[in-house]
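The values are calculated or read from the model by the stated rules, or taken from the named source; none is laboratory data. Note that the coordinates shown come from a computational prediction; the quantities given were computed from them, not determined experimentally. Counting neighbours? That spans all protein chains shown, and the Cβs are built from the backbone with ideal geometry, glycine included. In case anyone asks, the SASA skips ligands and DNA or RNA and just uses the protein heavy atoms, side chains included. Shrake-Rupley method; radii C 1.70, N 1.55, O 1.52, S 1.80 Å.
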Amino acid sequence: LVEIAIAKIGTTVLARAFGLEGGVYAPSLFIGAALGLAFGLFVHPLLGGFVGDFGLLSAPQAYALAGMAATLAGICRIPLTASLILFEITRDYGIILPILVSVAVSSLQVSSRDTKEEGEKA
């Protein structure tokens, strides 16, 4: 899955560099889903025995949804829209908190980087 995400990042960058029509909206969803699922599949076997019995560990697919929301919020800078879109897709109240946390972390990371770059320009 990580290889697929890296390939998608590369093809999106090349398409944008050569001036091809297309956006970053759908690729960001795809990249976020691939990386989120890869993270979920990596973490689940490691921590499944420790916290899985108590219901504290989500399914790997939930990490894919959180990754989609976080990537979309970070790349397109639309945190509220990303949260609402992913909630609309799932209609699952149990996924709201992980989506909001991942979107908040992504948005804070992007805004801190933007603030740092603006400070260097001044």
Exercise. GNM on the chain, C-alpha springs below 10 Å: top fluctuator among GLY32, GLY23, GLY40?
Worked result: GLY23
Exercise. For the chain, what does the alpha-carbon gyration tensor say about shape, rounded, prolate or oblate, given a ≥ b ≥ c as the root eigenvalues, a/c under 1.5 as rounded, and a/b over b/c as prolate?
Worked result: prolate
For this session: Compare ILE95, ILE85, ILE31 in a GNM of the chain, Cα atoms joined below 10 Å, and give the one with the largest fluctuation.
Result: ILE85
Exercise. So which residue, out of LEU29, LEU108, LEU100, gets the largest mean-square fluctuation from a GNM of the chain using Cα contacts under 10 Å as springs?
Worked result: LEU108
Problem set entry | For the range 75-80, Karplus couplings with θ = phi - 60° (6.51, -1.76, 1.60), whole Hz, Gly/Pro x | 6, 8, 6, 10, x, 5
Seminar exercise, completed: The percentage of the accessible area of the chain (probe 1.4 Å, all protein chains present) made up of carbon and sulfur atoms, to the nearest whole number, is 70
Problem set entry | For the chain, calculated [θ]222 nm from helices alone, where every DSSP H run of n ≥ 4 adds -39500 (n - 2.57) | -27500 deg cm²/dmol
Exercise. Hey, what's the chain come to in accessible area per residue, 1.4 Å probe, Å²?
Worked result: 65
Problem set entry | Hz values of 3J(HN,Hα) by residue in the range 60-68 - Karplus curve (6.51, -1.76, 1.60), Gly and Pro given as x | x, 5, 5, 5, 5, 5, 5, x, 4
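Can you give the longest stretch of the chain with no exposed loop site, where a site means trypsin sites (Lys or Arg not before Pro) in a DSSP loop (not H, G, I, E or B) with at most 16 other C-beta atoms within 10 Å?
Free of exposed loop sites, the longest segment is 1-76.
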For this session: Measure nothing but the geometry: give the 0 to 90° angle between the long axis through the Cα atoms of 96-121 and the longest principal axis through the Cα atoms of the chain, rounded to 10°.
Result: 30
Exercise. How far is helix 25-51 tilted, in degrees, relative to the longest principal axis of the Cα atoms in the chain, given as a value from 0 to 90 rounded to the nearest 10?
Worked result: 30
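Using the Cα centre as the reference, give the magnitude of the dipole from point charges on the C-beta atoms of the chain (Lys, Arg: +1; Asp, Glu: -1; all else neutral), rounded to the nearest 20 debye.
Details: 7 positive and 9 negative charges, 26 e Å.
Computed charge dipole of the chain: roughly 120 debye.
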For this session: Just name one of THR11, LEU47, SER112: the one whose Cα is farthest towards the positive end of the charge dipole of the range 8-122 (beta-carbon charges, Lys/Arg +1, Asp/Glu -1).
Result: THR11
